[in-house]
Amino acid sequence: MELHLGGHLGYYGPERRSRVHVRLDGRTSLSDVLRRLGIPEAEVAIAAVNREIVRLEGATVVDADTVHLYPPVSGGAHPAAGGAHPAAGGA
Amino acid sequence: MGHGTNGTILRVDLTRTTTRVETFDDDFYRTYPGGKALAAFHLLRDLVPGADPLGPDNVLILAAGLLTGAPISTATRFNAIARSPLTGGFGESEAGGYWGPELKMAGFEAIIVTGRAPEPVYLSIRDGSAEIRDARHLWGQDPLTVQTAIRDELGDRLVRVLQIGRAGENGVRYAMIMNELRHYNGRTGMGAVMGSKNLRAVAVRGTRKYVELAHDPAALSEIGKRLAKQIPNHPQGWDLRTKGTPGLTDVQNAAGILPTRNFRYGQFEHADALGLDSYLQLRTGTRTCYACAVRCKPEMAFSDRYTVTNTYDGPEYEAVAGFGSNCGIGDLQAVAKANELCNELGIDCISAAGTIAFAMECFENGLIGPADTDGIDLRFGNIEALHAVIPLIAERRGIGELLSQGSRRAAEVIGRGADQFAMHAKGLELAMHDPRGKVGVGLGYATNEAGGDHLVGFHDPLWVNRDSVAFRAAMDLGITETSETRDLGPTKVRTWYTAERWNSAEKVLGLCFFGPAPRSFIQVADVVGAVRAATGWDIGVDDLLEIGERAVNLARMFNVREGIAGAQDHLPPRLHAPLENGPLQGVAIQRDEFERAVADLYEVKGWYPTGIPTRERLRALAIEWTAEAAGAGT
């Protein structure tokens with residue numbers, strides 16, 4: 001799995017890298033991947049699997065996936081934290 | 001033993017060709033400790049109400065902050081403040097670099113410039129003295145030539161040069177001021193004010209050190225050294241040093257709030273070409289500001305499809321999104337070229353990009369045509385058109401004359417509904433942050449005294465998760481309740497109120513937006529500690545919040561006096577219409593909900609429903625005198 005760590009999430013990546021290759025055997029919880037790498041979920045504002053935004057809670061990934069994670073710096077939508085989907089938020 | 005100030009201001013009358021030094025006492029200093037507060041006081045007191053922003057009566061104030069020049073990372077900022085020729089209201093813009101610290105070391109807290117020189121001049125300041133010098137030979141020259149010539153004339157390579165470019169000379173309403181070629185007071189047209197005074201440059205050389213001014217130099221130095229070591233070991237400090245602001249492009253696009261084609265869309269199909277990976281391929285290095293260990297300033301030089309030198313600052317996120325996605329251009333080299341043109345000509349990148357995107361949409365909708373643009377096909381995505389228009393704006397030639405006025409005035413001239421495409425607040429073009437995905441930023445755009453500025457509070461994603469680094473740091477400000485990014489309820493309003501006061505305090509202290517928590521690595525206690533070490537004051541965070549609030553209210557009272565208080569506290573209509581693509585497709589800011597939040601914010605601030613501060617609030621902030629100065633019904 002290719003993991004892209006945006007903004008200050010790269011600080012938590014192995015050797016402070018913002019691009020990480022993670023080998024996965026079968027479908028795995030994205031939260032478990034983050035725990036394994038030591039990336040705090042509280043710093044993840046946006047998670048996207050293969051460019052589709054997902055909620056971190058309950059998201060699963062496989063080895064062929066590309067995952068982008070972004071911190072709460074300046075981005076807007078916040079579906080990764082498990083809140084209401086932004087497009088459904090009373091617009 | 002000092003207390004963080006020289007206690008002196010340099011007053012320059014260019015009409016009479018005179019300079020004199022004023023001093024202020026401790027009581028004044030406690031109330032107006034520097035930067036935005038000091039400058040706003042003088043703007044309200046010294047400016048003739050209703051004065052033409054580009055006439056000799058406007059007052060240009062360049063003010064260092066309380067901590068500017070202290071040996072602490074990000075304590076480099078100074079303010080340029082005057083009546084804005086773009087908005088007609090409170091004009092302000094901050095810059096880092098080396099000039100602000102040098103001013104402090106030359107013995108001055110601020111320079112107040114009035115009048116208009118009969119011929120172009122520059123000001124030379126050296127250790128407490130000042131001289132007005134002939135600049136006729138410098139007028140019309142490029143900034144590098146001017147900087148080199150001034151250093152040669154003064155025989156000192158260490159002179160710090162602040163100056164305008166061609167746009168400032170020509171009165172472009174969003175002309176900027178630059179120092180050391182790489183640091184910009186970009187917003188609200190302060191360069192046009194300087195140019196209207198025939199003042200091309202201010203050269204400063206000082207040999208004092210900040211620690212000589214400090215109450216407890218050892219404590220101050222200890223804080224500075226500790227913070228410098230901390231930067232690479234703090235996630236937010238590490239991020240700024242490693243990636244800088246261009247790291248935002250990817251996250252904004254993923255979130256669906258990357259302004260695209262004049263804010264119609266929130267995602268750009270060529271975002272990868274503008275994103276961090278592409279950026280790092282072009283970035284050739286990083287630079288820094290005085291005594292700042294963050295080192296976030298990008299350097300970029302290449303000769304490929306376009307040629308860009310490293311004479312000026314490389315494009316920050318605002319330029320990447322402004323000339324990139326918002327103009328429909330997915331070519332980072334072209335963006336860097338547009339950024340360089342603006343820097344060389346002395347134009348604010350944000351307003352330039354916003355005004356050009358506005359013009360592109362007008363062109364595509366037939367509101368202006370080739371006859372208006374001298375044949376330039378001013379459509380989204382046209383790189384040649386973008387590069388052609390920027391010099392025309394600086395010279396106010398052809399379509400550039402209209403666009404040099406900014407999007408609000410240009411829309412009034414074009415008419416036929418063009419105002420629906422003008423993305424501004426109070427006449428200041430919006431920064432590259434779409435508040436449909438982070439509505440607190442919209443509160444800032446709408447209610448900030450200077451208009452559509454994004455650096456007047458902290459952005460909504462910081463308030464979502466109480467376990468995040470940012471939120472935990474914000475708790476030291478008294479922010480304890482989380483809120484979602486698109487929430488406009490009472491919690492968000494209260495949070496914004498605190499965030500704005502803290503941000504304003506940074507502008508009084510001379511700290512960069514990318515220094516203190518919650519945005520970055522300097523914890524609230526260290527900011528308080530630095531002020532205590534500098535001043536010897538027994539001061540806490542609530543005192544700093546009050547200092548920040550006073551500065552906001554001074555600016556507000558200036559706008560009250562100029563007749564543009566609450567009536568202009570709104571967003572451009574497009575933000576109340578849905579985004580047209582991306583994860584926030586269909587999302588808009590509900591007008592009634594937003595207006596209620598603005599009303600709630602006024603109440604929290606102690607203002608009338610009209611957006612005017614109550615006399616009680618002004619009295620509590622020790623600025624009741626501004627009610628008389630404003631002649632307002634407060």
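Only the coordinates and a few stated rules stand behind these numbers; no lab work does. Quick caveat: nothing in here was measured; it's all calculated off a predicted structure. Glycine also receives a Cβ, built like all others from the backbone with ideal geometry; neighbour counts cover every protein chain displayed.
Of the three principal axes defined by the Cα atoms of segment B:230-379, the extents in descending order read 56, 33, 26 Å.
For segment B:8-213, the relative contact order is 24 percent, taking Cα pairs closer than 8 Å that sit 6 or more residues apart in sequence and dividing their mean separation by the residue count. Within the straight-line cut-off of under 20 Å between alpha carbons, the lysines reachable from B:LYS492 are B:LYS438, B:LYS605, sequence neighbours fewer than 8 places apart in one chain being disregarded. Placing R0 at 25 angstrom, the Cβ-Cβ distance between B:ASP134 and B:ARG45 gives a FRET efficiency of 0.20 after rounding to 0.05.
Only beta bridges with both residues in the protein assembly as shown are counted; by DSSP, about 75 percent of them are antiparallel. The calculated FRET efficiency for B:ARG472 paired with B:ASN365, based on their beta-carbon distance and R0 = 56 Å, is about 0.75. Separation of segment B:591-634 and segment B:174-219, taken as the distance between their Cα centroids, equals 31 angstrom. Check the straight Cα-Cα distances from B:LYS104 and name the lysines below 23 Å, setting aside those fewer than 8 residues away within the same chain. Candidates past the 8-residue exclusion: B:LYS36, B:LYS209, B:LYS225, B:LYS297, B:LYS507. Between B:LYS209 and B:ASP592, residue separation times 0.36 nm minus the direct Cα-Cα distance comes to 132.6 nm. Report the convex hull volume per residue for segment B:57-128, counting only C-alpha atoms, in Å³. In segment B:57-128, the Cα convex hull volume per residue is 106 Å³.
Within 10 Å of the Cβ of each residue in B:449-459, the mean number of Cβ atoms contributed by other protein chains is 1.
Each 5 Å bin from 0 upward holds the following percent of the Cα-Cα pairs of segment B:194-269: 3, 11, 10, 9, 9, 11, 13, 14, 12, 6, 2.
Neighbours of B:GLU603 by Cβ distance under 12 Å: Lys/Arg scored +1, Asp/Glu scored -1, total +3.
Given in Å, the Rg to one decimal and the Dmax to the nearest whole number for the Cα atoms of segment A:2-83 are 11.3, 34.
Here A:SER18, B:SER73, A:SER29 are placed in order of increasing Cβ neighbour count within 10 Å, fewest first, which gives A:SER29, A:SER18, B:SER73. This ranking places B:TRP607, B:TRP99, B:TRP139 by how few other beta-carbon atoms lie within 10 Å of each, fewest first, which gives B:TRP139, B:TRP607, B:TRP99.
What is the sum of charges around B:TRP139, taking Lys and Arg as +1, Asp and Glu as -1, for the other residues whose C-beta is under 15 Å from the C-beta of B:TRP139? With Lys, Arg at +1 and Asp, Glu at -1, the neighbours total 0. Annotation for segment B:1-38 versus segment B:117-131: alpha-carbon center distance of 17 Å. Taking 0.890 mPa s as the viscosity and 25 °C as the temperature, the Stokes-Einstein diffusion coefficient of segment B:435-481 based on its alpha-carbon Kirkwood radius rounds to 216 µm²/s. When the charge dipole of the protein assembly as shown is built from unit charges on Cβ atoms (+1 for Lys and Arg, -1 for Asp and Glu) and taken about the Cα centre, the candidate among B:VAL335, B:LEU14, B:GLY548 whose Cα reaches farthest toward its positive end is B:LEU14. What the pair-distance distribution of the protein assembly as shown shows, using all Cα-Cα distances binned every 20 Å from zero, is 19, 56, 25, 1, 0 percent.
Give me the base-10 log of I(q)/I(0) for segment B:321-438 at each q in 0.14, 0.17, 0.19, 0.23 Å⁻¹, Debye formula, one uniform scatterer per Cα, rounded to two decimals. Computed log10 I(q)/I(0) values: -0.50, -0.75, -0.96, -1.46.
Given the options A:GLY13, B:ALA530, B:GLY442, identify the residue whose Cα lies farthest towards the positive end of the charge dipole of the protein assembly as shown (+1 on Cβ of Lys, Arg; -1 on Cβ of Asp, Glu). Projecting each Cα onto the dipole axis, the largest value belongs to B:ALA530.
Across segment B:8-213, the fraction of Cα-Cα pairs farther apart than 30 Å, rounded to a whole number, is 11%. Relative contact order, whole percent, for segment B:216-324 stands at 25, derived from Cα pairs under 8 Å and 6 or more residues apart. With the simple model of a label 7 Å out from the Cα in the direction of the Cβ, B:GLU299 to B:ASP542 spans 4.8 nm. Note on segment B:245-429: with charges restricted to the Cβ of Lys and Arg (+1) and Asp and Glu (-1), its dipole about the Cα centre is near 340 debye. For B:CYS342, the shell of other residues with beta-carbons less than 12 Å away shows a net charge of -4, using +1 for Lys and Arg and -1 for Asp and Glu. Candidates B:ALA75, B:ALA51, B:VAL211 compared by Cα position along the dipole of segment B:8-213: farthest toward the positive end lies B:ALA75, with charges placed on Cβ. The label-point distance for A:ASN50 and B:LYS225, in a model that sets each label 7 Å from Cα toward Cβ, rounds to 5.5 nm.
Per residue, the average separation of C-alpha pairs within less than 8 Å and at least 6 apart gives segment B:483-634 a relative contact order of 25 percent.
Segment B:504-520 and segment B:70-105 have Cα centres separated by 13 Å.
A quarter of the convex hull surface defined by the alpha-carbon atoms of chain B gives 24.5 nm² as the mean projection. By the beta-carbon count within 10 Å of each Cβ, the least crowded to most crowded order of B:VAL335, B:VAL308, B:VAL48, B:VAL211, fewest first, is B:VAL48, B:VAL211, B:VAL308, B:VAL335.
Using the Karplus relation 6.51 cos²θ - 1.76 cosθ + 1.60 with θ = phi - 60°, the per-residue 3J(HN,Hα) values for segment B:317-329 come to 3, 4, 6, 4, 6, x, 8, x, 4, 6, 9, x, 10 Hz, with x marking Gly and Pro.
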